1. In nm, to one decimal, how far is the residue A:91 label point from the residue B:17 one, both placed 7 Å along Cα→Cβ?
2. Of A:480, A:48, how do they rank once you tally other Cβ atoms within 10 Å and put the fewest first?
3. So for each of A:295-305, A:81-91 I average, over its residues, the number of other beta carbons within 10 Å; can you give me the resulting order with the highest mean first?
4. How many nm is it between the label spots at residue A:61 and residue A:413, if each spot is 7 Å from the Cα in line with the beta carbon?
5. Please compute, for peptide A:115-122, the average count of beta-carbon atoms on other protein chains lying within 10 Å of each residue's beta-carbon.
6. Extending each Cα 7 Å along its Cβ direction at residue A:214 and residue A:110, get the distance between those two points in nm, one decimal.
7. Ignoring everything except DSSP H segments at least 4 long, calculate the 222 nm mean residue ellipticity for chain A; use -39,500 (n - 2.57) per segment, divide by total residues, nearest 500.
8. Which of the peptides A:67-73, B:12-18 is most tightly packed, and how do the rest follow, judged by the mean count of other Cβ atoms within 10 Å per residue?
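All of the numbers you see were taken from the coordinates with simple rules; none came from a lab. It should be emphasised that the depicted structure is a prediction, and the values quoted were computed from it without experimental measurement. Quick reminder, even Gly has a Cβ in these numbers, built from the backbone with ideal geometry, and neighbours come from all protein chains shown.
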């Protein structure tokens with residue numbers, strides 16, 4: 001919710017109402033003069049200017065209250081254009097004005113201090129002109145508020161960046177670090193920053209969730225629940241100001257806090273967006289620019305050991321170039337392949353640049369786990385599911401130099417990317433790479449008779465889907481994201497995911513960590529940040545007031561229960577990577 | 001409204017103590033509201049039409065505001081702890097108390113008498129002020145009253161059986 005925008009809308013709505021009201025009164029139209037009714041409460045016998053000024057100020061204040069109420073509770077609840085949403089909303093204050101406020105105004109204007117109530121006093125008759133004036137005034141107010149109060153979260157992409165992280169205040173407790181090589185119990189700060197609306201509007205989840213103001217307390221909460229690691233993505237769009245121009249001061253204090261007190265960060269360098277000057281993921285120059293950025297980052301913060309160069313490349317390419325939701329907002333296969341290759345190139349160059357500064361860096365390549373199930377024995381549907389089950393691997397195949405299937409190779413040839421694919425195959429993949437597999441309730445999909453993919457819920461579960469990825473890449477793994485939009489089911493989901501992790505680990509897969517993502521609730525996450533609505537999705541360990549959710553307590557319970565067990569106190573797979 | 005509140009959660013968080021915090025805050029928020037009632041002569045008029053002394057009116061009214069505060073805190077759950085928007089929720093609640101309570105209950109309790117003039121204005125302003133103060137102060141009053149994450153996380157309801165109970169309930173329902 002944007003309090004400032006709501007306040008502006010409320011004042012503007014009240015002033016617009018008053019301007020039209022004054023015009024009507026000047027033209028001799030009889031109507032209900034709300035400004036006079038309010039102003040004469042303060043100055044019953046005062047000069048016109050006095051009651052008008054007092055009445056206008058009081059009316060504007062009431063307008064602000066109603067606009068904030070609209071912003072909190074009503075905005076975007078109806079699928080109407082914003083001014084019409086405001087118009088519908090205005091019925092509520094109009095009814096209250098007619099039934100409660102107007103009779104009470106009359107009582108307040110009496111010269112006595114008490115009266116015996118009669119029906120005439122409780123519901124005094126209003127003339128049609130008075131009723132019309134009140135209804136029309138509220139309608140004008142609603143239209144103006146609705147027209148002004150739009151896109152309450154995010155900011156214009158071409159605006160100079162805001163000052164993001166606030167200054168550190170107070171002191172933090174001592175350093176709390178698990179022994180090196182212990183199993184990773186992680187959470188994360190949601191940090192997506194894609195653009196929407198044709199690249200004109202920037203979504204910034206750290207801003208929307210209040211992390212820029214409360215970062216120090218957020219880190220403390222992560223420590224309090226016992227998280228050993230924190231997936232944390234410094235805002236690339238604010239830090240990378242131009243070619244080789246970096247605003248490190250923005251995060252120096254934040255990084256110093258993490259270095260001194262933990263949790264140990266897994267630095268997420270590119271999370272669904274690029275700075276405005278770089279355009280979008282169709283731009284092949286992002287690979288060099290991000291490679292230089294990653295190298296400079298690793299040089300400045302040499303103590304950082306864990307990196308996610310590019311988060312969820314498949315999701316990023318799909319949402320940007322195939323589903324038309326973010327950044328370039330394309331909907332074609334060629335654009336998707338270009339985005340995948342640009343993202344993979346960026347990931348490789350970032351990895352190489354980080355290794356120059358920190359040869360022992362560990363790369364957690366987080367990717368969304370996906371699975372497509374054909375609905376029926378139709379060759380076309382089964383073929384579609386088979387193709388999607390190959391395509392889900394494409395970005396990881398590139399960065400891990402894994403051969404694609406013949407069908408996927410033909411797909412790459414069709415879009416002119418075979419040569420670049422061959423270059424990836426020749427790559428020497430760093431040994432310290434962890435395959436991060438994210439899992440949500442919609443990651444398993446059913447391909448329906450029309451070829452659409454519909455979320456299936458948890459059909460086979462993380463154990464089965466993650467096993468597909470293990471069989472393909474044979475790299476140390478980590479469960480790097482999960483949560484549940486239905487907060488009442490979040491505890492069950494957490495323990496279920498954990499049992500999946502245990503099962504995979506016990507089956508011999510080198511699994512180094514688990515993550516509940518994210519620390520706090522997120523904003524518009526369930527709708528994929530596709531519209532700037534400002535709806536809170538209760539997926540966090542803590543809500544946006546930073547009050548613990550039940551799943552937050554459960555995660556602490558889980559960590560406390562396991563962290564000192566010998567097999568978690570020393571995780572051989574992670575210890576091997578750290579050597 | 002439902003969407004917003006459901007996102008925050010109707011149910012208070014597991015570490016919150018909404019009734020105690022709401023009752024305490026309801027009492028504290030009454031202090032500026034009483035000052036305003038006094039300034040508008042509303043308290044004296046209320047006492048007169050209820051046939052009570054001012055002290056008796058306060059003695060009756062203060063516990064009612066504590067109950068109202070507890071009710072607000074329980075009803076608004078997590079939203080009542082929103083530091084940026086609590087004032088609005090509180091004002092809305094104060095307005096509802098005025099519209100439903102002061103406007104209707106007072107005449108019912110006094111044989112049909114109602115406040116008028118500045119005294120009526122004072123009641124309205126005092127309840128809106130009470131609500132705003134309640135909304136602003138509740139997160140602050142609540143903070144030291146909350147249960148600790150450390151102790152609550154140890155409880156069995158946070159453990160592996162939390163999922164089992166939910167699964168069993170789902171199975172029964174299906």
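1. Simple spin-label model gives 4.4 nm for this pair.
2. Values: A:480 30, A:48 10.
So the residues, fewest neighbours to most, are A:48, A:480.
3. Working: A:295-305: 17.4, A:81-91: 19.1.
Put in order of decreasing packing, that is A:81-91, A:295-305.
4. The answer from the label model is 7.6 nm.
5. Numbers: counts 9, 7, 11, 1, 0, 0, 3, 4.
That works out to 4 on average.
6. Taking the simple label geometry, residue A:214 and residue A:110 are separated by 4.8 nm.
7. On the way: 24 runs with 270 residues, N = 579.
Calculated at 222 nm, the ellipticity per residue is -14000 deg cm²/dmol.
8. Working: A:67-73: 24.6, B:12-18: 21.7.
Going from most to least packed, we get A:67-73, B:12-18.
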